1. Right, Ala118: assigned to a loop (DSSP other than H, G, I, E, B), more than 25 Å from Met1 (Cα to Cα) and modelled with pLDDT under 70 or not?
2. Count, please, the residues in the stretch 72-101 that happen to be in a helix (DSSP H, G or I), of a type outside the set (Ser, Thr, Tyr) and closer than 17 Å to Val112 by Cβ.
3. For the stretch 77-99, indicate whether the set of residues that are on the phi < 0 side of the Ramachandran plot, within 18 Å of the chain's Cα centre (by Cα), modelled with pLDDT of 80 or more and among the β-branched types (Val, Ile, Thr) is non-empty.
Amino acid sequence: MPPEQVLNDAKAIVASSLEHDFAKDGPHIITGPVEIAGAKAGDVLMVAMLALEPRVPYGVISNRHGKGALTQEEFSRELGRSRATLTRLESASENTTINTLDQISKALRCDVRDLFRANPR
């Protein structure tokens, strides 16, 4: 990707001398941190996104330090699946197998449980 499309936030973090926890690094560079006036530690908050505006003309599967970032093409190649198959899996128009979920979690370097919503609708 052209250097001018990389977020300045990402460039600043990479160039900084801050210590990073490579297993838990956060908050997500695109969405946080977010300050809620009056909120205290332990408060439970409900946040509704009223509008979203992309800051870059691309999507990122993972941008955590040491985790890498994969394009859909690279991701499909790593899984040995077509991009069309990944699109169908992402849109829930095709079912998957436990084996495929295991392969996806390994490619993303996460636990297979992280692929599921904590509170499904």
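The values are calculated or read from the model by the stated rules, or taken from the named source; none is laboratory data. Since we're looking at a predicted model, the values are computed, not measured. Note that each Cβ is placed from the backbone with ideal geometry, even for glycine, and that neighbours are counted across all protein chains shown.
1. Working: assigned to a loop (DSSP other than H, G, I, E, B): yes; more than 25 Å from Met1 (Cα to Cα): yes; modelled with pLDDT under 70: yes.
So Ala118 fits the description; yes.
2. Start the filter on the stretch 72-101 by keeping residues that are in a helix (DSSP H, G or I), which leaves 72-79, 83-90, 98-101.
Of the ones still in play, those that are also of a type outside the set (Ser, Thr, Tyr) are 72-75, 77-79, 83-84, 86, 88-90, 98-99, 101.
Of the ones still in play, those that are also closer than 17 Å to Val112 by Cβ are 75, 78-79, 86, 89-90, 98-99, 101.
Matching residues across the stretch 72-101 total 9.
3. yes
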